[in-house]
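Engineer: Take this structure first; my questions come after.
The values are calculated or read from the model by the stated rules, or taken from the named source; none is laboratory data. What you are looking at is a predicted structure, and each value in this text was computed from that prediction instead of being measured. Cβ: placed from backbone, ideal geometry, glycine included. Neighbour counts: every protein chain shown. When the accessible area is computed, the model is the full protein with side chains, heavy atoms only, and any ligands, DNA or RNA have been set aside. Shrake-Rupley method; radii C 1.70, N 1.55, O 1.52, S 1.80 Å.
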Amino acid sequence: MNFLIKILYFISKLPLKVLYIFSDVIFFLNYYFVGYRKNVITQNLRNSFPEKSEEEIGKIRKQFYLNFSDYLVETIKSFSISETESRVRMQHINQELFHEAKKEGKNIILLAGHVFNWEWINALATIIPQAHCHPVYRKVNSDFWENQMKKVRNKFGNEALEANEVILNIFRSKNNGDSAYMFVADQTPHFSHVTYGLEFLNQRTPAFIGYDKLTTRMDLAFIYCEMKKVKRGYYQVNYHRIYPDGEKFVEHEVVKKFHKLLENTLHKHPDNYLWSHRKWKYQDSIKNFDSEKI
């Protein structure tokens, strides 16, 4: 394993323009020969965009494979990328929202989707006034990759938290505007934990709602992270504050608003999402389906 770690870190030290040559090779092999989860990707796109023709679906799928290949090498680059390069390659828009939450004395819940490249958001910790930034991650089966990805998410002063421990950590911490928690909030819950679902991208969708219990029990600031790929190697994240319709959030209100914002993002840039994920495989396990349109 130590040898593999050394190889990965050596590769990560290469300039991105070199790593993108690897990405081009990965794309060529994957798109024209391997076809990684091609059927899953195609079906997800067809179900999500029934108004699009097969030609349009094919174009989105091809561009997805290009973006996915870039994501793979960019994730490796994350092992050694500097703070300076991170801040150049990821532009953060509407940073004033973090200062507003700080003045209001409210900790922040950041909600992002699996939009490329969510892994590069970590340098946000060096920009915002919150002293404690906690990327939230889910354990993976491989101890090796678990340790490596945790190291990546702990860079730049971040304090990564595993998904099963984050809610308790939030309840126990002072709600004083000094902490930000970064959720990739479109995770698919295990079928045994599928309690709530909604219509998202024209499909019955099991929704991760762990953060929803916070909305009615704590006065927190919820912020949506709208990711955009500007060009190869350069991204922009636009932050949007999510407000309640009334004085306070009601149950599942933030969940629905997050999915609506994410859906709008994907309609603008459909190729920049993790379509290879089997997001809808547990839709028949939904116990409480919210039929209201988001």
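Engineer: Solvent-accessible area per residue for the stretch 207-268 at a 1.4 Å probe radius, Å²? Intermediate values should be presented prior to the final figure.
Structural biologist: Working: 2880 Å² over 62 residues.
Heavy-atom SASA per residue in the stretch 207-268 reads 46 Å².
Engineer: Divide by every residue of the chain the summed helix terms, -39500 (n - 2.57) for each DSSP H run of at least 4, and state the resulting mean residue ellipticity at 222 nm, rounded to the nearest 500 deg cm²/dmol.
Structural biologist: On the way: 10 runs with 117 residues, N = 294.
For the chain, the value works out to -12500 deg cm²/dmol.
Engineer: Could you sort 109-116, 150-157 so that the peptide with the highest average Cβ count within 10 Å comes first and the rest follow in order?
Structural biologist: Working: 109-116: 23.4, 150-157: 17.5.
The most tightly packed comes first, giving 109-116, 150-157.
Engineer: Candidates (1) 41, 24, 20; (2) 29, 26, 18; (3) 26, 23, 20; which is the computed semi-axes √(5λ) of the Cα gyration tensor in Å?
Structural biologist: Of the labelled values, this structure produces (2).
Engineer: If you don't mind, another one. Whenever you get a sec, compute what percent of the accessible area on the chain sits on carbon and sulfur atoms (1.4 Å probe).
Structural biologist: Details: 7470 of 14340 Å².
Carbon and sulfur together cover 52 percent of it.
Engineer: If you bin every alpha carbon distance in the stretch 29-137 into 10 Å steps from zero, what whole percent lands in each bin?
Structural biologist: Reading the bins upward from 0: 11, 33, 26, 22, 8, 0.
Engineer: Most fluctuating residue of LEU14, LEU161, LEU198 in a GNM of the chain with Cα springs under 10 Å: which is it?
Structural biologist: Top of the fluctuation ranking is LEU14.
Engineer: Another question about this same structure. Please identify the DSSP H helices in the chain that span no less than 27 Å along the helix axis (Cα) and have a mean Kyte-Doolittle hydropathy of 1.0 or more. Write down the numbers at each step before the final one.
Structural biologist: Values: long enough: 54-77 (34 Å, -0.60).
Membrane-span-like by this criterion, though nothing is claimed about a membrane: none.
Engineer: Given HIS269, LEU201, SER173, which one lies farthest toward the positive end of the charge dipole of the stretch 164-294, if we put +1 on the Cβ of every Lys and Arg and -1 on the Cβ of every Asp and Glu?
Structural biologist: Ranked along the dipole, the leading option is HIS269.
Engineer: Placing +1 at every Lys and Arg Cβ and -1 at every Asp and Glu Cβ, with all other atoms neutral, what dipole size does the chain have around its Cα centre, in debye to the nearest 20?
Structural biologist: Working: 42 positive and 33 negative charges, 137 e Å.
Its charge dipole is roughly 660 debye.
Engineer: Using the Cα centre of the stretch 101-148 as the reference point, and only Cβ charges (+1 on K/R, -1 on D/E), how large is the resulting charge dipole? Debye, rounded to the nearest 20. Could you put the intermediate results ahead of the total?
Structural biologist: Details: 5 positive and 4 negative charges, 56 e Å.
Roughly 260 debye for the stretch 101-148.
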